[in-house]
Amino acid sequence: MIDKLMKNMETVVVGKQEAIEKIVIALLCRGHILIEDVPGVGKTTLAQALARSIDCSFSRIQFTPDLIPSDLLGVSIYNQKEGVFQFIKGPIHSQIILADEINRTSPKTQSSLLEVMQEQQITVDGTTYKISDPFMVIATQNPIEYEGTFPLPEAQLDRFLFKITLGYPSLQEEIKVIQRKQDPEKFHQLEPVVSPIEISAAREAVEGIYVDGSIEEYIVKLIRATREDEHILLGASPRAAAGLYHAAKAYAYIKKRSYLLPDDVKNIIYSALTHRLIMTPEAKFKGYKSIDVIESIIKKVNVPLVRSYE
């Protein structure tokens, strides 16, 4: 089922197999994705392809400095004919949300996403509105243009399961991109291949992935090591530990295994932690990056010996 979903997305998203894999993992973990990349590399197409492939409602929200929380959540308007207030839902009430250039809006508007990302619900004027399942926020930000932007605070960054980049396509992939631009109907012909019920079943299967106690300890040791590293001002949170644990299980699932291996953790740890680590000013001055710290921690923490359960 998951193979069918990823192959369907690949019919319109060229050369982004790893990014598609990470998005599917996040979907299986009820997580959210932050994409940091330059414009024009396919972020919108990727999000739309996911929504179409699983037959979910989709909203693209362009974040701007003048955007206010009610523009996202919705607003109550007085109906003179009936003499009551009616709530008009905002775009955040869709299932797959593309929050485009999220760092261009004010912290107040950014923080309005916290409840829906954590609880999959929205509270407006004392009334709570549930968002249909499956639900995911795919946020983007431009790593080049920082003038006039509002960097996401730590609490907001910690809500994202992964931070990924797409990168430029290869020569042959870019040729395919311009060829497909000549046939825009191909994207609109993309049909759903997986139902929400099948997504729920896959999530239950992920929960059933066997994890040896030594690997659980390994994950926690990796997380705790980020809090003790001299180059890190703020290490990974317990939420990060839980996210890494569930994401590793989802990775094992899409690789068609019923058990977790240490390599599964290593394969997704960079996307799960790089955005959650705050470097010290001294480390930044010396040119250290969070990815360097993670590489160092992986080398330091002993890898448990586990056997194959097949």
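The values are calculated or read from the model by the stated rules, or taken from the named source; none is laboratory data. The structure displayed is predicted, hence computed values, not measured ones. With ideal geometry, Cβ positions are generated from the backbone for all residues, glycine too; neighbour counts draw on all protein chains shown. Quick note on the areas: whole protein, heavy atoms, side chains included, nothing else; ligands and nucleic acids left out. Shrake-Rupley method; radii C 1.70, N 1.55, O 1.52, S 1.80 Å.
Numbers for the structure displayed
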item: Candidate lysines - alpha carbon under 24 Å from Lys289, same-chain residues fewer than 8 apart omitted; result: Lys22, Lys163, Lys221, Lys266, Lys299, Lys300
item: Where the chain is the region considered: accessible area per residue in Å², 1.4 Å probe; result: 50
item: Degrees, to the nearest 10: 171-181 long Cα axis against longest axis of the chain; result: 20
item: The range 1-136 shape via C-alpha gyration tensor axes, a/c threshold 1.5; result: prolate
item: Positive-pole candidate from Gln86, Leu222, Ser111, dipole of the chain, charges at beta carbon; result: Leu222
item: Helix 238-254 vs. the chain, principal-axis angle (Cα, 0 to 90°, nearest 10); result: 90
item: Dipole magnitude of the chain, debye to nearest 20 (Cβ charges: Lys/Arg +1, Asp/Glu -1, about Cα centre); result: 300
item: Spatial separation of Cα centroids for the range 270-310 and the range 223-249, in angstrom; result: 9
item: Aspartates and glutamates whose Cα lies under 16 Å from that of Lys43, excluding same-chain neighbours fewer than 8 positions away; result: Glu10, Glu18, Glu21, Asp100, Glu101, Glu173, Glu174
item: The range 184-310 - charge dipole about Cα centre, Lys and Arg +1 at Cβ, Asp and Glu -1, debye rounded to 20; result: 300
item: Antiparallel bridges, percent of DSSP beta bridges restricted to the chain (to nearest 5); result: 40
item: Between helix 290-300 and the chain: long-axis angle, C-alpha atoms, 0 to 90°, nearest 10; result: 30
item: Surface share of carbon and sulfur [accessible, 1.4 angstrom probe, percent] for the range 151-240; result: 54
item: For the range 181-309: rounded, prolate or oblate by the Cα gyration tensor [a/c cutoff 1.5]; result: oblate
item: Computed lengthening from Ile291 to Thr123, 0.36 nm per intervening residue step minus Cα-Cα distance; result: 56.8 nm
